[in-house]
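The values are calculated or read from the model by the stated rules, or taken from the named source; none is laboratory data. Note that the structure is a prediction, hence the values are computed from the model and not measured. Every residue, glycine as well, gets a Cβ built from its backbone with ideal geometry; the counts of neighbours run over all protein chains shown.
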Amino acid sequence: MVKITLQNLCKYFKKAKAVDGLNLEINDGEFLVLLGPSGCGKTTTLRMIAGLEEPTGGKIFFDDQPVNQLDPKQRKVAMVFQDYALYPHMSVYDNITLCLQVMKVPKAEIEMRAKETAELLQITELMNRKPGELSGGQRQRVALARAVIRKPSIYLLDEPLSNIDAILRVKMRGDLKKLHEQLKTTTVYVTHDQAEAMVLADRIAVMKDGLLHQISKPLEIYDHPVNKFVATFVGIPMMNFCDCTVSKRNGELFIDTDAFSLKIPGELLDSAKEEQLLSHEAVMGIRSEHVSVRMEQFPGAIEAKVWLFQHFGDTGYVSFEIKSQIITAKVDPLFRVDEGEKVFVKLNEKCVHVFDKASEKTIF
């Protein structure tokens, strides 16, 4: 196992800044996910770790040893690409053993490692086929097998599940999780799919515009985003947002929007946060599961009109309108409502997030 350290890592493509002063430590045996939108610098970061891109500045260390000057083959990493990159004229066996053949590994050892790897990835019956005879999921397993057979110090995976259908993607996520538990090899995984990140990662590093915005365990990022971007990018559906101001009435603080007011529980605030709230424009955020919806009035609820109802079999989402504000709530799959119908809603004030409007940093 290998610890990876990125120290003030930068990459420019002419004047375009792809990665900007990235500092990151990836622990021995950790499964770290680089998560972010297209163009955020996550794949460039992966390629610099692999040695496929030369950093403009900064250093990369494997176990405290600098590797900037090492060729990719000297770094003992294995990379799995988005498009699988299999040789179409070769059998599965030859695809996954080619690297060992090039390294002049004895034939008996190649056969032994091929058998072990095929059993691990459940592709034994595919070994004599060509890539064109395989399904997307099977090709993905072959690409993983080609990486695994090398017994590298580090796995680098660049959106490896993006080209397979949604149902198979869910299964492959589980398979990858189990594979990592067996191999316990340091793994860096790039994706823009937050569901993959939440399921697979020991920690998630959220990137945007070449910058690292937050790195933490999945639930920590979900429950305690450091800014509005992280809160927006992590969570399905997206967190609800409302422009707001904060006022103090009778010694208590209230979030005031154009549509409603919420009292802020005292335990969420300290004096510094209170001062910041009262002196800055803010944005309130709340996740859909923290909004209650009923057909009849209940304590603390306010009236709203259904704007859109979406049913997904195992759950439902109701988007409702309060004045000009649209908010989405997660509801029981048995809940039924028609567009335009009157409902009563309540926001859980203990689960509200508030962000500074100018900086978009989290206040609480």
* Structure fact -> Of the candidates PHE298, PHE344, the one satisfying the condition of being modelled with pLDDT of 95 or more, in contact with a Lys or Arg (Cβ under 6 Å, 6 or more places away or on another chain), under 19 Å from LYS263 (Cβ atoms) and among the aromatic types (Phe, Trp, Tyr) is PHE344
* To do: Please give the helices (runs of 4 or more DSSP H) falling wholly within segment 90-172 in which 2 or more residues are surrounded by 12 or more Cβ atoms within 10 Å (Cβ to Cβ) and either among the acidic types (Asp, Glu) or on the phi > 0 side of the Ramachandran plot (or both).
  => 107-121
* **Meets criteria (of a type in the set (A, V, I, L, M, F, W, C), loosely packed, with under 14 Cβ neighbours inside 10 Å, in a strand (DSSP E or B) and in the same structural domain as LYS350 (by TED's automatic domain parsing)) for LEU278** => no
* What tally of residues in segment 268-302 results from selecting those that are touching a helix residue (DSSP H, G or I) at 6+ places or on another chain (Cβ under 8 Å) and not basic (Lys, Arg)? -> 6
* VAL77 versus (1) under 20 Å from GLU133 (Cβ atoms); (2) in contact with a Pro (Cβ under 8 Å, 6 or more places away or on another chain): which is the lone unmet condition? -> (1)
* Asked: Just a yes or no: is a residue in segment 341-351 in contact with a Gly (Cβ under 8 Å, 6 or more places away or on another chain), β-branched (Val, Ile, Thr), free of Cβ contacts under 8 Å to residues at least 60 places away in the same chain and assigned to a strand (DSSP E or B)?
  -> no
* In the set LYS184, LYS151, LYS177, which member is closer than 25 Å to ILE215 by Cα, over 18 Å from the mean Cα position of the chain (by Cα), modelled with pLDDT of 90 or more and not small (Gly, Ala, Ser)? -> LYS184
* Asked: What number of residues in segment 285-338 are of a type in the set (D, E, K, R), surrounded by 12 or more Cβ atoms within 10 Å (Cβ to Cβ) and over 13 Å from ASN240 (Cβ atoms)?
  -> 3
